[in-house]
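Since every read-out is calculated from the coordinates, none of them should be taken as a lab result. The structure presented is a predicted model; accordingly, all values stated were derived computationally and were not measured. Cβ atoms come from the backbone with ideal geometry, glycine included; neighbour counts cover every protein chain shown.
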Amino acid sequence: MKRITALLLAVALGLSAQAQEWTGTARYAKANDELQKPVQVVLIGDSITDAWPFARPAFFSETGYVGRGISGQVSTQMLTRFMQDVVALGPKVVVINAGTNDIAENQGTYNADQTFRSIEAMARIAQACGIRPVLTSVLPAARFGWRPSVTDGPEKIDALNARIRALAAANKWLYIDYHSVLREGDGIPAAYSKDGVHPTPEGYARMEPLVVEAVGKALKARRYGPRK
């Protein structure tokens with residue numbers, strides 16, 4: 001695992017400008033440099049994580065959590081920037097939310113195994129670096145407005161969530177079930193989402209206690225793996 005971590009770091013450092021655009025490594029480069037390190041908790045994800053600090057800024061200012069979400073990203077993109085946007089910040093805990101855009105086919109046909117392996121890889125890299133991974137469910141979505149051709153999203157979300165939950169249980173990692181607290185029918189009700197995918201401030205307010213509880217448990221748990 002140490003060799004894998006070193007390889008990923010070398011790849012991240014050697015990315016071309018074009019690759020950086022695809023991975024999004026330029027997005028937080030300056031913010032990472034200016035951040036007072038180490039930090040306690042980093043949240044990595046897609047637009048759901050990206051919009052959270054803007055929708056509920058007090059939550060982040062009060063907890064000190066650091067958001068590293070990038071809109072539109074799939075799990076493989078998050079994996080390629082994981083060293084820069086998570087490990088290099090030296091957190092004690094990382095909360096990983098991925099899979100929505102994979103299922104929405106933002107980067108081509110959905111490959112369930114590839115998505116699962118990318119999520120697992122992020123968690124294992126975190127563990128190898130002494131960071132406690134917290135896995136989360138994919139949020140419910142009956143449909144994706146930008147990808148109407150995907151009509152079986154709920155079934156794919158349920159299947160991926162079952163695998164993520166089992167992975168967390170097998171490794172004694174904490175798991176946050178956003179899906180259950182936000183789901184009504186096959187998706188998110190209008191009270192918690194305007195487009196059926198992205199939470200409103202009221203939706204995030206339902207998610208936040210789950211994050212605080214899981215992070216609190218993770219911080220109390222023994223450290224996993226070596227620290228830098």
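Around the Cα centre of the chain, unit charges on the Cβ atoms of Lys, Arg, Asp and Glu (plus for the first two, minus for the last two) sum to a dipole of about 1180 debye. What would the Debye equation give as log₁₀ I(q)/I(0) for segment 2-219 at q = 0.10, 0.11, 0.12, 0.15 Å⁻¹, counting only Cα atoms as equal point scatterers? Debye intensities relative to I(0), on a log10 scale: -0.40, -0.48, -0.58, -0.95. The length gained by stretching the chain between residue 213 and residue 150 to full extension, at 0.36 nm per residue less their Cα-Cα distance, is 19.3 nm.
Subtracting the Cα-Cα distance of residue 105 and residue 37 from 0.36 nm times their residue separation leaves 21.0 nm of extension gain. Taking 0.36 nm per residue of sequence separation and removing the Cα-Cα distance, the residue 221/residue 113 pair yields an extension gain of 35.9 nm. Arranged from fewest to most other beta-carbon atoms within 10 Å of their beta carbon, 118, 61, 149 become 149, 61, 118. Summarising the amide proton neighbourhood of residue 73: residues at separation of 5 or more, or on other chains, whose placed amide H is nearer than 5 Å comprise 47.
Post the alpha-carbon centroid distance, segment 155-212 to segment 21-70, in whole angstrom. Between the Cα centre of segment 155-212 and that of segment 21-70, the gap is 19 Å.
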